[in-house]
Amino acid sequence: PQKTSFHRSQTLGYKNGFAFSRLPTVGIGGERLYMNQLSQAELDELSNTRPTLTYAQAKQAPPSGFIPAHVAFDKKILKFDAYFQEDVPLSAEEHYRIRQVGIYYYLEDDSMSVIEPVVQNSGLPQGKLIRRHQVPKNDRGDHYHWKDLNRGMNITMYGRTYHIVDCDPFTQVFLESQGIELNPPERMVSDPYTEVRRMPMRKYITPSDFDQLKQFLTYDKQVLRFYAMWDDTDSMFGENRPYVIHYYLADDTVEVREVYKQNDGRDPFPILIKRQRLPKTFMDRKKTFPSCVLEISDQEVLEWYTAKDFAVGKSTTLLGRTFFIYDCDEFTRNFYRDKFGITDFQPVEIKKKPLEEVPQVIPPYNGFGILEDSLQNCFSLLPKPPRKDVMKMLENDHKVLRYQVALESPNPEDRKRRFILSYFLSNDMISIYEPPVRNSGIIGGKYLGKTRVAKPGSTTENATYYEPSDLTIGSTIEVFGHRFVITDADEYVLNYMESNAESFPVATLQSLRDHFRPRQVVKETANSDIPMVGTSKQELDELIVQVQEELKLHEYLNNKNIREGFLQCDKDGSGILDKAKFLALCDSLSVPTNAFLVNKV
């Protein structure tokens with residue numbers, strides 16, 4: 001790269017009008033040619049040759065002493081100023097770093113070293129970066145030579161590229177004496193992060209004539225109190241919240257405190273804005289100014305909040321929140337009256353916005369559990385069981401009204417089925433039980449567990465349930481899509497309703513009386529002392545004993561099946577069968593009929 005001229009040397013010349021040729025001394029690029037030239041020894045010999053005929057044989061000059069390279073170039077070092085750029089990947093303050101080094105070339109053995117000046121508290125491994133040795137230039141085994149070094153060039157050693165910007169005077173004189181044309185020097189590049197860290201120049205600011213000590217001694221412990229509201233209803237879940245603004249006259253600081261009320265659902269966090277000076281007007285700042293990180297100083301603020309900026313009936317924006325001042329205390333009124341001559345302190349009435357009532361939509365009943373119990377999930381996150389009427393449960397404990405019902409169905413097999421419906425007076429629940437019938441093909445047992453049965457057409461908002469007044473003889477009740485007809489009832493039902501006749505309608509009580517009247521007539525006749533036609537009461541009792549003893553003689557008979565068979569034949573529930581049906585039923589149940597006893601009965 002040091003070659004600058006590439007022309008051929010002039011080999012033809014003229015002297016005294018005669019042309020003659022001469023051998024070139026330098027080749028293309030300015031390199032000196034040593035071929036076809038006299039050596040130094042031959043030149044020395046020619047210089048010492050004298051005409052022997054005139055001056056006789058000349059004496060040979062003694063040769064000069066030989067000086068080796070390690071002696072000639074001892075302590076002669078070429079020094080170059082350079083720098084290299086280092087990436088800083090994990091830092092938000094700097095992306096790269098400039099490190100200045102010195103490259104030393106030792107002429108005596110063509111070795112090199114790289115040394116970085118040590119900077120205190122830099123946190124970097126500095127000093128000798130490359131120890132003194134012959135630095136490889138390429139993969140072919142060549143090493144760097146002083147001819148390869150120049151100003152304004154890049155040199156790569158062990159994967160790190162150094163840019164040479166300048167050299168010392170000795171290096172410049174040496175390279176120029178060897179015929180190397182040096183590039184102009186460059187300015188050393190400085191590290192940007194180091195420049196930022198340098199101490200800035202001191203700026204002297206003339207102190208203000210305002211006496212802060214006098215202000216503190218005059219207004220110490222004097223605080224202006226304002227009552228304000230922050231309207232945050234425009235945001236989600238926002239509301240009107242009361243606050244108290246304190247202005248400290250001693251140092252012109254402002255504090256905003258929350259007004260805590262009992263059971264308001266908020267943690268008692270007393271201070272919204274701590275006591276500090278609040279900026280009112282900022283200077284022109286760049287968009288990149290990190291105001292959320294750095295503290296605000298007097299250089300960034302053009303105007304601070306003072307006591308003149310607070311007034312009753314006006315809004316004030318403090319750190320992005322707009323507070324409406326609606327009142328102040330008595331000390332604040334006196335201060336503004338004496339200091340600024342303000343006399344209008346009429347408090348502003350704050351009207352709260354009425355809360356929008358959101359109608360509560362109750363979902364339809366899904367059929368699981370009791371309606372009142374499932375409904376509690378719509379009123380609270382932690383549902384509580386519905387309240388029970390304890391007095392009613394204690395008064396009607398173990399009181400059950402039993403009815404016999406028949407299933408109303410188009411299927412003739414289902415129409416023959418009979419059920420026992422139990423109504424529990426303690427909690428108004430209903431259960432249905434089907435007595436098992438042998439060889440009927442239907443498994444009896446519990447048909448419906450204890451639950452409250454709603455009437456047809458009732459809704460979740462207005463649920464109505466079946467009551468004892470709805471259970472009359474011959475009436476139809478609908479239980480979860482199944483229709484049952486009441487055909488009979490226990491005598492306890494009639495007795496209970498007659499004892500509590502004021503709690504039941506007359507129609508319900510009259511239907512039960514009409515149903516039980518035939519039975520009561522037979523029972524009263526049997527228990528009365530009036531003799532029957534042709535038969536006395538004693539004879540009737542003896543006849544019953546004879547029939548029971550006759551039945552005991554036949555152990556294979558099932559009294560339960562016999563009773564169920566007679567109840568099925570008594571469709572109208574009158575308790576009376578004619579003789580033909582009685583005999584046919586006895587034959588079907590394999591009950592032996594003694595002609596004498598039958599005729600007597």
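The values are calculated or read from the model by the stated rules, or taken from the named source; none is laboratory data. All values reported here derive from a predicted model rather than from experimental measurement. Ideal geometry is used to build each Cβ from the backbone, glycine not excepted, and the neighbour counts take in all protein chains shown. The accessibility values were calculated without ligands, DNA or RNA, using every heavy atom of the protein model including side chains. Shrake-Rupley method; radii C 1.70, N 1.55, O 1.52, S 1.80 Å.
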Any chance you could check the Cα centroid distance between the stretch 304-371 and the stretch 446-460 for me, in angstrom? 53 Å
Quick one: pull the percent of accessible area on the chain belonging to carbon and sulfur, 1.4 Å probe, ligands and nucleic acids left out. 54 percent
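Using the Cβ atoms and a cut-off under 13 Å, what net charge is assigned to the surroundings of residue 213, where Lys and Arg are +1 and Asp and Glu are -1? It would help to have the intermediate numbers written out before the result.
Numbers: positive: 214; negative: 209, 211, 220, 251.
Here the count lands on -3.
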Using amide H atoms built 1.01 Å from N in the peptide plane, name the residues 5+ places from residue 301, or on other chains, whose amide H lies under 5 Å from its own. 283
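Quick one: Kirkwood hydrodynamic radius for the chain, alpha-carbon pairs, angstrom, one decimal? Each step should come with its number before you reach the end.
On the way: mean 1/r = 0.0241 Å⁻¹.
So the Kirkwood estimate lands at 41.5 Å.
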³J(HN,Hα) across the stretch 297-311 via Karplus (A = 6.51, B = -1.76, C = 1.60, θ = phi - 60°), whole Hz, x for Gly/Pro? 10, 5, 6, 9, 10, 8, 8, 9, 6, 10, 5, 6, 7, 10, 8
Between residue 272 and residues 5 or more places away or on another chain, which pairs have amide H atoms under 5 Å apart, with H built 1.01 Å from N, and which residues are they? 256, 257, 258
Checking the cross-link filter: which aspartates and glutamates have an alpha carbon closer than 16 Å to that of residue 600, excluding same-chain neighbours under 8 positions apart? 539, 541, 542, 549, 550, 578
Straight-line reach only, C-alpha to C-alpha below 16 angstrom: list the aspartates and glutamates that residue 79 could link to, leaving out same-chain residues fewer than 8 apart. 108, 109, 110, 116, 148, 166, 168, 176, 186
For the pair residue 186/residue 7, report the inter-label distance in nm, with labels modelled 7 Å from Cα in the Cβ direction. 3.2 nm
Going by amide H atoms built from the backbone, whose H comes under 5 Å of the H on residue 488, apart from near neighbours? 404
Which whole-number percentage describes the relative contact order of the chain, with Cα contacts under 8 Å and a sequence gap of 6 or more? 5 percent
Whole-Hz couplings from phi, Karplus 6.51/-1.76/1.60, listed for the stretch 80-89; x for Gly and Pro: 10, 8, 9, 8, 9, 9, 10, 6, 10, x
Please report how far the C-alpha centroid of the stretch 411-438 lies from that of the stretch 74-105, rounded to the nearest whole angstrom. 102 Å
Quick check: the distance between the Cα centres of the stretch 473-508 and the stretch 201-258, to the nearest angstrom? 80 Å
Ignoring ligands and nucleic acids, residue 223 exposes an accessible area, probe 1.4 Å, in Å² to the nearest 10, of 40 Å²
Highest to lowest packing among 159-171, 202-214, scored as the average C-beta count within 10 Å: 159-171, 202-214
